[in-house]
Amino acid sequence: MSKMNIRAMITVGMLSAISYVLMLLNFPIPPFPSFLLVDFSDIPALIAALTLGPLAAVLVEFLKNLLDYVMTGSDTGVPIGQTANFAAGVLFVLPTYYICRKFQSKKGLVIGLITGTVTMSTVMGVLNYFIFLPAYKYFLSFELPSAIIVTGIIPFNILKGVMIGIVFFLIYFKIQGWISTKQQLDSAMKA
């Protein structure tokens, strides 16, 4: 049992480090506001979810953002951006995981990725309206019109989810054998 826990901790640590590096390779997409950046750091969290379960995915998202906060800090001293990134990642990865587990097929993966994208986009729109944009206004005296949620943030999150989904879909079938082996090994160690 302890070998499984150590292996899981090592896997989560490695995926978190990869996720952090991918987070640094971010880029803007015109015509969206320049503070909205796309990165592919949710892909290691998706891998963690499918190999180790949802808690591992949440840990990867948390550790990635903790590393980012420690390494780069925050303009406000409060990790608003990191908290928003964590929320967006969890809102994308968990629905994808649960749908993929229920329907273990290519179609299930596609439906899961679409569900994760819609969930992330919708809930992040609400969270930005009530929490994140007011926090930026409070801590930085930086105010954005609330219309940016509909015209910028929600469409951006949809595009980001589609981009991450396409890349993950392509990667998943290259590593599907490894994921299956990992799941079988973990199941055998639990028995």
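The values are calculated or read from the model by the stated rules, or taken from the named source; none is laboratory data. Keep in mind the model is a prediction, meaning the values are calculated, not measured. Positions of Cβ are generated from backbone atoms using ideal geometry, with glycine treated the same way; all protein chains shown enter the neighbour counts.
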Q) From the list 52, 22, 91, which one is farther than 20 Å from residue 128 by Cα and at pLDDT 95 or above? A) 22
**Q.** Neighbours by Cβ (under 6 Å, 6+ apart or cross-chain): first from segment 71-91, over 21 Å from residue 162 (Cα atoms) and free of Cβ contacts under 8 Å to residues at least 12 places away in the same chain; second of a type outside the set (Asp, Glu) and buried (at least 20 other Cβ atoms within 10 Å of the Cβ)
**A.** none
**Q.** Set 83, 96: member being in a helix (DSSP H, G or I), in contact with a Ser or Thr (Cβ under 9 Å, 6 or more places away or on another chain) and of a type in the set (S, T, N, Q)
**A.** 96
Q.
Pairs please, first residue from segment 92-110 and free of Cβ contacts under 8 Å to residues at least 40 places away in the same chain, second anywhere and in a helix (DSSP H, G or I) and among the β-branched types (Val, Ile, Thr), Cβ atoms under 8 Å, 6+ apart in sequence or on different chains.
A. 95/115; 95/119; 99/111; 99/115; 103/111; 108/99
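Check 83, 119 and return the single one that is closer than 20 Å to residue 61 by Cα, touching a Leu at 6+ places or on another chain (Cβ under 6 Å), surrounded by 13 or more Cβ atoms within 10 Å (Cβ to Cβ) and hydroxyl-bearing (Ser, Thr, Tyr).
After ruling out the rest, the residue left standing is 119.
Would you confirm whether or not segment 63-78 contains a residue that is in a helix (DSSP H, G or I), under 19 Å from residue 142 (Cβ atoms) and modelled with pLDDT under 95?
Taking segment 63-78 as the starting set, the residues that turn out to be in a helix (DSSP H, G or I) are 63-72.
Imposing the further condition that a residue be under 19 Å from residue 142 (Cβ atoms) reduces the set to 69, 72.
From what's left, modelled with pLDDT under 95: 69, 72.
Yes.
Step by step: first the residues of segment 50-107, then only those that are among the small types (Gly, Ala, Ser) and more than 16 Å from the chain's Cα centre (by Cα), then the one that is farthest from residue 177 (Cα to Cα). Which residue is that?
Start the filter on segment 50-107 by keeping residues that are among the small types (Gly, Ala, Ser), which leaves 53, 56-57, 73-74, 77, 81, 84, 87-89, 105.
Adding the requirement that they be more than 16 Å from the chain's Cα centre (by Cα) leaves 73-74, 77, 105.
Numbers: 73: 38, 74: 40, 77: 43, 105: 14 Å.
Taking the candidates together, the pick is 77.
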Q) What pairs can you find where one residue is in segment 132-150 and surrounded by fewer than 14 Cβ atoms within 10 Å (Cβ to Cβ), the other is at pLDDT below 85 and part of a helix (DSSP H, G or I), and their Cβ atoms are less than 7 Å apart, with a gap of 6+ or different chains? A) 142/136
